[in-house]
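Each remark here refers to the structure printed beneath this line.
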Amino acid sequence: MGSFVVSARKYRPSSFSTVVGQKSITSTLKNAIKNDHLAQSFLFCGPRGVGKTSCARILAKTVNCFNIAKSENIEACNDCESCNSFNEGHSLNIYELDAASNNSVDGIRSLVDQVRLAPQIGDKKIYIIDEVHMLSQAAFNAFLKTLEEPPEHAMFILATTEKHKIIPTILSRCQIFNFSRIGVNDIAEQLKTICEKESIEAEPRALHTIGQKADGAMRDALSIFDQVVSFAGKNITYDNVIENLNILSDEYFFKVCNAIKEKDVSSSLLTFDEILRKGFDGQHFIVGLANHFRNLLVAQDPSTLNLIETDNSVKKSIFEQSKLFDPDQIVEILNLLNKCDVGYRMSKNQRLHVELCLIFITRRNIVKKKVNTGVITEAPKKELSRPTVESTIPVPEQQTKKAKIQETPVNTGSNLDLKKEEPVQKQSFKVNTPPSVTDRKRKGSVSISNIMNSKAAEDKEGLTEEPETPFTREEFMEAWNDSVEKYKEGGKINLYNTLQKKEPIIHDDYGIEIVINNLVQEESINVEKTELLEELRKKLNNYALYLIITITEAKEEATLYTSMDKFKKLAEKNPKMLELQKKLDLEVTY
């Protein structure tokens, strides 16, 4: 039986040009060698399997190459005595140490003793210390002096996957190179090259799937590649890869998305059942479906299509399916899938947990109404006019015959003075088909988000059959203060302060305008909007009341953060504060 060499060793980079996905680092090292500008200590850090130790070996071999000066592309010649001894594994100038098994002070002291000896062949003695973060605190301290002032012939190359575990005094003495994860396309191209050398036929989609499974590590990709070759032989297909690696096929996600678009609950549930019968976990399906919808969202804009790391044929299918969904729908679906993922492990019936999520997504008609807050809400059944927030609901011409109250305009603000002797003659709005009492109450109670003036107009419309008892401003303020006071007693101080800061404006069609400063206040009001409105209607016996929320820019000064700012503000209001400071020789600290 012949000896088999795994691809991770057989195709390990032996020169800078064969390193995958780290072009900026290899170019920097080559230029440093060319310009004789090499540091004496390097730190290579990054995820596993991205080429840290390989680059360290290549750098060590290239520095000691006898013919490097004659090389145009700054690569080791692989012909000189130094290169041959390195390739054969018995170089006397290059030492590799595993810090995980030599992490004590004694191991570092032995290393320091070796560093003093000059090289027998070549100019440099190079020490490669892998997984250097495994050194103990005492070992790091023993290594500091040698690392800062090594002999001229010594060079240290440290490699680690956990840079944060290395003490700052070590980091400050090294030239740091951060290796990045290798892209899926780069991994697929490297695997394609290996397939050509090994006379293996492979589908591009299969190689991309291996690259995605490797999660940015070339070594992991090569290990997976060997596993798939052992399973499929010389002909690697996408079906072979997903079967051998137990990966959920993308076709299921396309099928579920089509079912969601067509509101076909049965199809989505049957597809999920098929996935479960194949042995896949429900959470695995939810995570994959969320990633698929993420790709659909990214594919909405051709400029971001490259963010999808998959085969071109799959990209094309994703781009076509993305046209079926509105971006707001995708965002809402992603939010629901994320909540399902978070609650999956805590659920007692995990299958039902996922099925309820699918049913809710499939049956839900998700539309985004662009009102002030931009909140995603369920679409109303009919179109509503949408006045601006700064304006009030326009008064119909028929209302010009209404009695004036003390000859004061009704929408002038808090100076309004209504009297019982001169009640408002409210003209009811006529509708072709008056809604039932149940429908009217439902309209007054729905408050999923802030539909604001459009929703307020809908609340007012259709309420003509309910009482519209006139009231004075004193009566309204008494009912208002009584309704708002409960928020203070209930611990909702912020909402209480918001509602009490400015007196509401009463419009002549019983619109109650609340003036606030920002969207945060608006959201807090929306939570209690329905209950507050119903309470006011009952207390005043007037079901024509509706709320209008107006957002204006706050005119107050910015919050004072430092003690000096606070002192200056107090001194402006009371100059005697400055006199007190001078007499007592006080100092304001920041």
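In the range 250-280, which residues are among the charged types (D, E, K, R), open to solvent by 60 Å² or more (accessible area, probe 1.4 Å) and over 25 Å from Asp328 (Cβ atoms)?
Filtering the range 250-280 down to residues among the charged types (D, E, K, R) leaves 250-251, 255, 261-264, 273-274, 277-278.
If we keep only those that are open to solvent by 60 Å² or more (accessible area, probe 1.4 Å) too, we end up with 251, 255, 261-263, 277-278.
Those that are among the charged types (D, E, K, R), open to solvent by 60 Å² or more (accessible area, probe 1.4 Å) and over 25 Å from Asp328 (Cβ atoms): Glu251, Arg277, Lys278.
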Quiz item: If you go through the range 286-339 one residue at a time, how many are part of a helix (DSSP H, G or I) and of a type in the set (Asp, Glu)?
Solution: 3
Practice problem: For the range 90-132, enumerate the residues that are within 47 Å of the chain's Cα centre (by Cα) and of a type in the set (Gly, Ala, Ser). | Solution: Ala99, Ala100, Ser101, Ser104, Gly107
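Looking only at the range 496-510, filter to residues that are assigned to a helix (DSSP H, G or I) and out of contact with any Lys or Arg (no Cβ under 9 Å at 6 or more places or on another chain); which one of those is surrounded by the fewest Cβ atoms within 10 Å (Cβ to Cβ)?
Within the range 496-510, the subset assigned to a helix (DSSP H, G or I) is 496-501.
Checking the rest, the ones that are also out of contact with any Lys or Arg (no Cβ under 9 Å at 6 or more places or on another chain) come to 498-499, 501.
Values: Thr498: 21, Leu499: 25, Lys501: 12.
So the residue we want is Lys501.
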Quiz item: Given the conditions (1) open to solvent by 50 Å² or more (accessible area, probe 1.4 Å); (2) part of a helix (DSSP H, G or I), which single one is not true for Ile33?
Solution: (1)
Quiz item: Based on what the data block shows, is Ile308 within 18 Å of Val331 (Cα to Cα), touching a Lys or Arg at 6+ places or on another chain (Cβ under 7 Å) and open to solvent by less than 60 Å² (accessible area, probe 1.4 Å)?
Solution: yes
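Listed here are the residues, each with its yes/no results for (1) assigned to a loop (DSSP other than H, G, I, E, B); (2) open to solvent by 50 Å² or more (accessible area, probe 1.4 Å); (3) without any contact (Cβ under 8 Å) to a residue 24 or more places away in the chain.
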residue	(1), (2), (3)
Ile108	no, no, no
Asp113	no, yes, yes
Ile121	yes, yes, no
Phe140	no, no, no
Pro150	yes, no, no
Phe156	no, no, no
Ala159	no, no, no
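Rundown of residues vs (1) more than 16 Å from Ile549 (Cβ to Cβ); (2) modelled with pLDDT of 85 or more; (3) part of a helix (DSSP H, G or I), yes/no style:
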{"position": "Ser428", "(1), (2), (3)": "yes, no, no"}
{"position": "Val520", "(1), (2), (3)": "no, no, yes"}
{"position": "Lys529", "(1), (2), (3)": "no, no, yes"}
{"position": "Arg537", "(1), (2), (3)": "yes, yes, yes"}
Practice problem: Can you tell me which residue among Ile182, Ile247, Ile242 is open to solvent by 20 Å² or more (accessible area, probe 1.4 Å) and assigned to a loop (DSSP other than H, G, I, E, B)? | Solution: Ile247
Exercise. Would you be able to tell me the number of residues in the range 204-216 that are outside any helix (DSSP H, G or I) and at pLDDT 90 or above?
Key: 0
Practice problem: Starting from residues that are farther than 15 Å from Lys23 by Cα and acidic (Asp, Glu), keep the ones in the range 50-81 and report whichever is surrounded by the most Cβ atoms within 10 Å (Cβ to Cβ). | Solution: Glu81
Quiz item: How many residues does the range 36-49 contain that are of a type in the set (A, V, I, L, M) and open to solvent by 30 Å² or more (accessible area, probe 1.4 Å)?
Solution: 1
Practice problem: Under 6 Å between Cβ atoms, at least 6 apart or on separate chains: pull out the pairs that start in the range 75-103 with a residue that is in contact (Cβ under 8 Å) with a residue 60 or more places away in the chain and end on any residue that is assigned to a helix (DSSP H, G or I). | Solution: Ala76/Lys61; Ala76/Thr62; Ala76/Cys83
Quiz item: Mind checking which pairs have a first residue in the range 335-348 that is under 14 Å from Phe285 (Cα atoms) and a second that is among the polar types (S, T, N, Q), Cβ under 8 Å, 6 or more apart or different chains?
Solution: Asp341/Gln283; Tyr344/Gln283; Tyr344/Gln350; Arg345/Gln283
Exercise. Residues being modelled with pLDDT of 85 or more and in a loop (DSSP other than H, G, I, E, B): count how many of those fall in the range 80-89.
Key: 1
Exercise. Quick one: in the range 6-30, of everything that is of a type in the set (Gly, Ala, Ser) and either free of Cβ contacts under 8 Å to residues at least 60 places away in the same chain or assigned to a loop (DSSP other than H, G, I, E, B) (or both), which residue is surrounded by the most Cβ atoms within 10 Å (Cβ to Cβ)?
Key: Gly21
Exercise. Taking the residues in the range 349-364 that are open to solvent by 60 Å² or more (accessible area, probe 1.4 Å) and touching a residue at least 60 places away in the same chain (Cβ under 8 Å) as candidates, determine which candidate is nearest to Gly282 (Cα to Cα).
Key: Arg351
Quiz item: Residues in the range 36-60 that are farther than 20 Å from Glu152 by Cα and in a helix (DSSP H, G or I): how many?
Solution: 5
Quiz item: Applying the selection to the range 512-539, what residues are farther than 17 Å from Lys492 by Cβ and without any contact (Cβ under 8 Å) to a residue 12 or more places away in the chain?
Solution: Lys538
Quiz item: If you take the residues of the range 313-334 that are touching a residue at least 24 places away in the same chain (Cβ under 8 Å), in contact with a helix residue (DSSP H, G or I) (Cβ under 9 Å, 6 or more places away or on another chain) and open to solvent by 50 Å² or more (accessible area, probe 1.4 Å), which of them is nearest to Phe253 (Cα to Cα)?
Solution: Ser317
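The values are calculated or read from the model by the stated rules, or taken from the named source; none is laboratory data. In this text, all values refer to a predicted model and were calculated from it rather than measured experimentally. Please note: Cβ atoms are built from the backbone with ideal geometry, for glycine as well, and neighbour counts cover all protein chains shown. We work out accessible area using only protein heavy atoms, side chains counted, and drop any ligands, DNA or RNA first. Shrake-Rupley method; radii C 1.70, N 1.55, O 1.52, S 1.80 Å.
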